[in-house]
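The values are calculated or read from the model by the stated rules, or taken from the named source; none is laboratory data. Keep in mind the model is a prediction, meaning the values are calculated, not measured. With ideal geometry, Cβ positions are generated from the backbone for all residues, glycine too; neighbour counts draw on all protein chains shown. Accessible surface areas use protein heavy atoms only, side chains included; no ligands, DNA or RNA. Shrake-Rupley method; radii C 1.70, N 1.55, O 1.52, S 1.80 Å.
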Amino acid sequence: MPEPTEPDPRRDVVLDATTLKALTHPLRPRILSALRLHGPATASSLAAHLGVNTGATSYHVRQLAEAGFVVEATELGNARDRWWRAAHARTLFDTHDADQETSAAYLSAVAAGYAENAQRAIAEIATLPPEWEDAGTFSNFTLRLTPEETTTLMGEITAVIRGYRSHQGAQDAPDTARPVSVNLEVFLAPGMSSE
């Protein structure tokens, strides 16, 4: 069974046609992800973290703010620096709710962010402490499944992931716990839709 999509308005944002368009630029999902993972930041610190220029980051943060994805962290700012935080912990999206072109642009931006994070993780492998060296994986499994089996697989994997505490505010997390990125991509293998 797939992950329940019943949103929690205190922590989730559900994309609609208007808000979806605000996330179709490849840098915007990366900014939002960085704010969710690392907490409040300035446009300058986001730019340094993401390896892009400050002007572009500042512009895209403002666009995210206009769409309601980020809010100013006024308790951290001063007259010179504006701090921003993610307005929501999770983004929900149903591909049936948007036109195909906008959906594809958004999903391409998300996939580009996943790929960029993977490249950064690979670049950092040599610097990992010994206990983290074998803790992750870059694996690919091609399975031959029906649509129903695929839906069941997604539900089972999601249930396993939900069984672990969230990195957001986990009070009972051991001192050695760190945020771990788990990307789940389940799709019909490209070129197989006509078979």
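Conditions: (1) touching a residue at least 24 places away in the same chain (Cβ under 8 Å); (2) in contact with a strand residue (DSSP E or B) (Cβ under 8 Å, 6 or more places away or on another chain). Glu72 meets all but one. Number of the miss?
(1)
Output the number of residues of region 19-32 satisfying the condition of being at pLDDT below 90, open to solvent by 30 Å² or more (accessible area, probe 1.4 Å) and in a helix (DSSP H, G or I).
Qualifying residue count, region 19-32: 1.
Would you say Ser181 is out of contact with any strand residue (DSSP E or B) (no Cβ under 6 Å at 6 or more places or on another chain), open to solvent by 80 Å² or more (accessible area, probe 1.4 Å) and touching a residue at least 60 places away in the same chain (Cβ under 8 Å)? Outline the logic, then answer.
Details: out of contact with any strand residue (DSSP E or B) (no Cβ under 6 Å at 6 or more places or on another chain): yes; open to solvent by 80 Å² or more (accessible area, probe 1.4 Å): yes; touching a residue at least 60 places away in the same chain (Cβ under 8 Å): yes.
Yes: the conditions hold for Ser181.
Could you list, ordered by first residue, the pairs with Cβ atoms under 6 Å in which the first is in region 141-160 and on the phi < 0 side of the Ramachandran plot and the second is open to solvent by 60 Å² or more (accessible area, probe 1.4 Å), at least 6 apart or interchain?
Within 6 Å, the pairs are Thr151/Pro2; Met154/Pro2; Gly155/Met1; Gly155/Pro2; Thr158/Glu3.
Take the residues in region 37-46 that are in a helix (DSSP H, G or I) and under 17 Å from the mean Cα position of the chain (by Cα); name whichever of them is farthest from Val14 (Cα to Cα). Steps first, please.
Of region 37-46, the ones in a helix (DSSP H, G or I) are 37-38, 43-46.
When the remaining residues are screened for being under 17 Å from the mean Cα position of the chain (by Cα), the result is 37-38, 46.
Numbers: Leu37: 19, His38: 22, Leu46: 24 Å.
Filtering region 37-46 for residues that are in a helix (DSSP H, G or I) and under 17 Å from the mean Cα position of the chain (by Cα), the one farthest from Val14 (Cα to Cα) comes out as Leu46.
Which condition does Ser58 not pass, out of (1) under 13 Å from the mean Cα position of the chain (by Cα); (2) farther than 22 Å from Gln119 by Cα, if it passes all the others?
(1)
Residue by residue through region 81-109, note down the ones that are open to solvent by less than 30 Å² (accessible area, probe 1.4 Å), of a type in the set (A, V, I, L, M) and assigned to a helix (DSSP H, G or I). Walk me through how you get there before you give the answer.
Of the residues in region 81-109, the ones open to solvent by less than 30 Å² (accessible area, probe 1.4 Å) are 84, 86, 92, 98, 102-103, 106, 109.
Restricting the remaining residues to those that are of a type in the set (A, V, I, L, M) gives 86, 92, 98, 109.
Matches in region 81-109: Ala109 only.
Which residue, of Glu116, Glu72, is among the charged types (D, E, K, R), within 26 Å of Leu23 (Cβ to Cβ) and modelled with pLDDT of 90 or more? Walk me through how you get there before you give the answer.
Working: Glu116 fails: modelled with pLDDT of 90 or more.
Matching residue, one of Glu116, Glu72: Glu72.
So Tyr59 clears everything in (1) open to solvent by 40 Å² or more (accessible area, probe 1.4 Å); (2) touching a strand residue (DSSP E or B) at 6+ places or on another chain (Cβ under 9 Å) except one condition, right? Which one?
Every listed condition holds for Tyr59 apart from (2).
Would you confirm whether any residue within region 128-145 is among the acidic types (Asp, Glu), assigned to a helix (DSSP H, G or I) and under 22 Å from Gln63 (Cα atoms)? Reasoning before the result, please.
Here is the first cut: in region 128-145, the residues among the acidic types (Asp, Glu) are 131, 133-134.
Filter again for assigned to a helix (DSSP H, G or I), leaving 131, 133.
Retained after the next criterion (residues that are under 22 Å from Gln63 (Cα atoms)): none.
No - not one qualifying residue is present in region 128-145.
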